[in-house]
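Only one structure is covered here, and it is reproduced in the block below.
The values are calculated or read from the model by the stated rules, or taken from the named source; none is laboratory data. Please read all numbers here as calculations on a predicted model, not as lab measurements. Cβ: placed from backbone, ideal geometry, glycine included. Neighbour counts: every protein chain shown.
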């Protein structure tokens, strides 16, 4: 039998690594996008493998959006 030691992060560190807010992290946990483990003292721990997986998904789906807004205050300025 082979035991693999997994590294874990606190929710705060996971948010910093992913560049998301604390609320977004909890929403992703509820949606099942990321798994958590409860430590014996009741704290939530996020596996590093889950963070790396999410970072990989983020890179593949990253796109740039731009919004252009123009306002014309009179018909003389339309051109």
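Observations, loosely collected:
- If the condition is being in contact with a strand residue (DSSP E or B) (Cβ under 6 Å, 6 or more places away or on another chain), in a loop (DSSP other than H, G, I, E, B) and surrounded by 15 or more Cβ atoms within 10 Å (Cβ to Cβ), then the stretch 1-57 contributes only 36.
- Filtered residues of the stretch 48-68 (kept if more than 25 Å from residue 8 (Cβ to Cβ) and either modelled with pLDDT under 65 or within 15 Å of the chain's Cα centre (by Cα) (or both)): 61, 62, 63
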